[in-house]
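Data first, discussion second: the structure below is written as structure tokens.
The values are calculated or read from the model by the stated rules, or taken from the named source; none is laboratory data. Not measured: the values here are computed from a predicted model. As a convention, Cβ positions derive from the backbone with ideal geometry for all residues, glycine included, and neighbour counts pool all protein chains shown.
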Amino acid sequence: MAISAEHGGGISDLLDAIDRLLPSLAGDSQATSHKSLAIAILGRPNVGKSSFINSIVRSERVIVSELAGTTRDAVDILYQHDGCNFVFIDTAGIRRHGKQSTSVEVFSAMRAERSIRRADLCVLIVDLTAGVTAQDKRIAGLIQAARKPAIVILNKWDLVKPGRNQKEAIARLIAMTREQIFFLDYAAVLITSSSTGEHVSKLFGLIEKVERAARQRLGTGVLNRLLRRAFEVSPPPTIRSRRLKLFYAAQSKGKENQPLVPPEFVLFVNDPRLLGQTYRRYLESRIRDAQPFPGLPIILTLRPRATSATAASRLRKK
Ligand SMILES: Nc1nc2c(ncn2[C@@H]2O[C@H](COP(=O)(O)OP(=O)(O)OP(=O)(O)O)[C@@H](O)[C@H]2O)c(=O)[nH]1
Ligand SMILES: [Mg+2]
């Protein structure tokens with residue numbers, strides 16, 4: 001077909017021709033509409049984000065190079081696996097984001113933050129040859145602040161794996177990473193090599209595990225018993241001579257048709273301002289003891305005391 005890219009001549013004929021060759025959208029989306037997950041691939045420059053996506057889709061779809069900063073913008077890669085639609089968002093490596101950053105760095109950080117917001121699940125890639133750096137922690141902090149489901153991938157395993165006792169080495173590296181990014185403690189961790197493809201496809205098993213966790217519910221009876229016990233074992237600190245009191249808690253209903261929604265618990269209390277960060281973490285851990293919710297942040301929403309009737313109707317509305 002003859003077209004002019006500059007003046008637009010012939011473009012609409014071209015689009016029509018493409019349209020005729022493509023399968024009908026209506027029929028197609030019906031067959032596959034059951035699930036679609038957006039997964040942001042995040043990390044410092046050169047950790048292997050683009051290589052990781054190529055390794056998954058088993059082709060050279062996104063550009064890889066030794067030059068840090070190869071990917072300049074977020075790129076969406078569509079991929080189907082086991083009847084599931086995935087959108088992998090390849091992001092530009094996030095560098096420093098501070099006073100001295102160049103405008104390119106600031107914009108790549110902003111785009112990465114947008115990718116985090118768009119994503120159902122965030123994958124943070126860390127380069128094993130460098131270990132967890134301050135910048136990795138900063139990105140982990142962005143994911144945590146956005147309260148997104150998360151998986152951490154330790155990449156370039158081929159460059160550090162020992163000749164023997166690999167299982168031990170893996171366990172040690174995972175434990176070390178968990179310690180270093182303790183604030184993203186809910187993330188599931190995986191070790192891969194994007195160049196050899198080793199363990200890369202385990203990502204799908206992990207995603208399934210996180211999806212299963214997102215469907216789990218903690219019964220109201222169990223939840224209230226465990227929270228009451230947590231308050232007894234270690235009472236909340238007094239803040240300006242007042243102490244947090246819990247009246248009632250329940251897990252809110254998950255949103256239908258939306259996969260990977262983190263579990264949210266609504267706590268009716270005397271005064272929400274009496275919950276500090278430390279005690280919040282403590283309560284989250286007690287909930288995780290009963291139901292681990294791998295890969296998912298636990299969201300505690302505090303409400304001031306209400307009469308039980310309005311409390312119940314608020315919960316129903318959630
Ligand atoms: N040995 C080894 N090299 C890897 C692995 N993954 C990526 N690399 C290499 O690391 C370099 C950077 O890979 P990229 O995939 O371009 O990294 P990126 O994170 O997309 O980098 P930017 O787009 O610049 O942010 C390339 O030379 C890759 O071949 C791995 O698992 N093992
Ligand atoms: Mg890249």
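Summary table below
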read-out	value
Every residue from the range 186-234 that is of a type in the set (S, T, Y) and within 19 Å of the chain's Cα centre (by Cα)	Y186, T192, S201
3 or more residues farther than 22 Å from R286 by Cα and within 16 Å of ligand 1 (Cβ to nearest atom): qualifying strands (runs of 3 or more DSSP E) within the range 111-193	121-127, 150-155
Residues that are in a loop (DSSP other than H, G, I, E, B) and exposed (fewer than 15 other Cβ atoms within 10 Å of the Cβ), drawn from the range 239-269	R240, S241, K245, K253, K255, E256, N257, Q258
Matching option when the condition is under 24 Å from I53 (Cβ atoms), part of a loop (DSSP other than H, G, I, E, B) and either out of contact with any Ser or Thr (no Cβ under 6 Å at 6 or more places or on another chain) or within 16 Å of ligand 2 (Cβ to nearest atom) (or both), among P236, P294	P294
Matching residues, the range 163-201, being within 16 Å of ligand 2 (Cβ to nearest atom), out of contact with any Gly (no Cβ under 9 Å at 6 or more places or on another chain) and not aliphatic (A, V, I, L, M)	none
Extreme residue, surrounded by the most Cβ atoms within 10 Å (Cβ to Cβ), among residues of the range 43-70 that are at pLDDT below 70 and in contact with a strand residue (DSSP E or B) (Cβ under 8 Å, 6 or more places away or on another chain)	V62
Pair list, Cβ under 6 Å, 6 or more apart: the range 44-68 residue near ligand 1 (Cβ under 6 Å from one of its atoms), other residue modelled with pLDDT of 85 or more and among the small types (G, A, S)	G48/S194; K49/G43; S51/S194; V64/S50; V64/S51
